[in-house]
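Novice: Below is a structure I'd like to ask you about.
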Amino acid sequence: MQKLMYTKYSIVCEPTMETITARLPDKMIKILNTLVKEEMVDRSELIRRILEIGLREFLIRRALIAYQERKVSLWRAADMAGVTLREMIEAANQALIPISYDLDDLERDLAIVKKQNSRE
């Protein structure tokens, strides 16, 4: 559910946020507190930023594993991770995962595109 915020010039949709708790080691708390001062943001904002980066990396890594195991095509891996094909290719190159695209990959990708287009 999103909350509408009215500004002087436009209406902005702001996602509602849920409070969560997590137990963190003292060392991690010290690092967070140092970064809060350096970045000049509150701790919640800093944790959201770090979590967003971490989630993105996690999703890319998970999609690359599926690609490496030939469970999905590179295009599907990019879709799973929520990144562009170019970003996924760059991630695969950085992870030293060879990129191969054969007829099976093309047929899988075409089937996915057809399925998505039929829903629209």
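Read-outs throughout are calculated quantities, based only on the coordinates presented, and are distinct from any laboratory measurement. This structure is a prediction, so every number in the text was calculated from the model and none was measured. We place every Cβ from the backbone using ideal geometry, glycine too, and count neighbours over all the protein chains shown.
Novice: If I ask for residues that are within 30 Å of Thr21 (Cα to Cα), in a loop (DSSP other than H, G, I, E, B) and touching a Lys or Arg at 6+ places or on another chain (Cβ under 9 Å), which ones from segment 39-78 would you list?
Specialist: Passing the criteria: only Val41.
Novice: Let me confirm something: among Ala66, Ala81, which residue is out of contact with any His (no Cβ under 7 Å at 6 or more places or on another chain) and under 30 Å from Ile29 (Cα atoms)?
Specialist: Ala81
Novice: Moving on to the next point. Could you check, for segment 90-99, whether at least one of its residues is loosely packed, with under 11 Cβ neighbours inside 10 Å, under 29 Å from Leu32 (Cα atoms) and without any contact (Cβ under 8 Å) to a residue 40 or more places away in the chain?
Specialist: Yes, there is a match, as at least one residue in segment 90-99 is loosely packed, with under 11 Cβ neighbours inside 10 Å, under 29 Å from Leu32 (Cα atoms) and without any contact (Cβ under 8 Å) to a residue 40 or more places away in the chain.
Novice: In segment 79-89, which residue that is of a type outside the set (D, E, K, R) and outside any loop (DSSP other than H, G, I, E, B) is surrounded by the fewest Cβ atoms within 10 Å (Cβ to Cβ)?
Specialist: The qualifying residue surrounded by the fewest Cβ atoms within 10 Å (Cβ to Cβ) is Leu85.
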